[in-house]
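Down below is the structure, laid out as structure tokens.
The values are calculated or read from the model by the stated rules, or taken from the named source; none is laboratory data. Here the structure is a predicted model, which means the values were calculated and not measured. All Cβ positions, glycine included, derive from the backbone under ideal geometry; neighbour counts span all protein chains shown.
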């Protein structure tokens, strides 16, 4: 089990015509042997702040009242060596013109972006279980499409590398809820929002802990917090939309 990793994936503002400027896809991952312990430790943090197990951590719930809880969770992430996070930020989603590229549709492009998110995490000598947060009735279709895209792209047709891909409910998985906070912060920053003081405080906490500008790509080799800011142009000879 030491070579098995759990990858928890989520997204923000991913719909084509939702009126939002920036879109973020994110993945938080951990060695499977530590997943149960980390989920328990996150629940213990909630308990210390007066919240029970049924309270779901979500970016949209951040306020002045619960800010200490969310600040401690950010500290927990950066202090926990076994937790890592990667995100793809699309800062100007409204400028996408899918018809100019070979995939033609937003859905096809969406799965290409998910592939780009996950492929940098995968290592051929490891095994992975990938969990997608349930968002709508199309969750099973997303699972099947992503499984096909990944298998074809890394020649993992017999699922020796990616052993499992399935949709899950984030209310049951604290690590996935932590990923939602990081994704929400990246989305908030890259949309240029500043109305909610508590959310701004979380963004600033992440910037301070990471030493990063959340609107710029990190080095590809960055391990703790890896960000790729995508744009529809050719990079290294590869079509990027």
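From the list 104, 135, the lone residue that is part of a loop (DSSP other than H, G, I, E, B), more than 21 Å from residue 31 (Cα to Cα), more than 18 Å from the chain's Cα centre (by Cα) and modelled with pLDDT under 70 is 104. Among the residues of the range 148-166, those identified as crowded, with 16+ Cβ neighbours inside 10 Å and without any contact (Cβ under 8 Å) to a residue 40 or more places away in the chain are 149, 150, 151, 156, 161, 165. Could you look through the range 182-198, keep only residues that are surrounded by fewer than 22 Cβ atoms within 10 Å (Cβ to Cβ) and part of a helix (DSSP H, G or I), and pick out the one that is farthest from the chain's Cα centre (by Cα)? Residue satisfying both the conditions and the ranking: 197. Screening residue 218 against (1) surrounded by 16 or more Cβ atoms within 10 Å (Cβ to Cβ); (2) in contact with a helix residue (DSSP H, G or I) (Cβ under 7 Å, 6 or more places away or on another chain); (3) not in a helix (DSSP H, G or I) leaves a single unmet condition, (2). The set of residues in the range 32-72 that are touching a helix residue (DSSP H, G or I) at 6+ places or on another chain (Cβ under 6 Å), in a helix (DSSP H, G or I) and under 16 Å from residue 202 (Cα atoms) comprises 59, 67, 70, 71, 72. When residue 129 is tested against (1) touching a helix residue (DSSP H, G or I) at 6+ places or on another chain (Cβ under 9 Å); (2) under 19 Å from residue 170 (Cβ atoms); (3) at pLDDT below 90, only condition (3) is not met.
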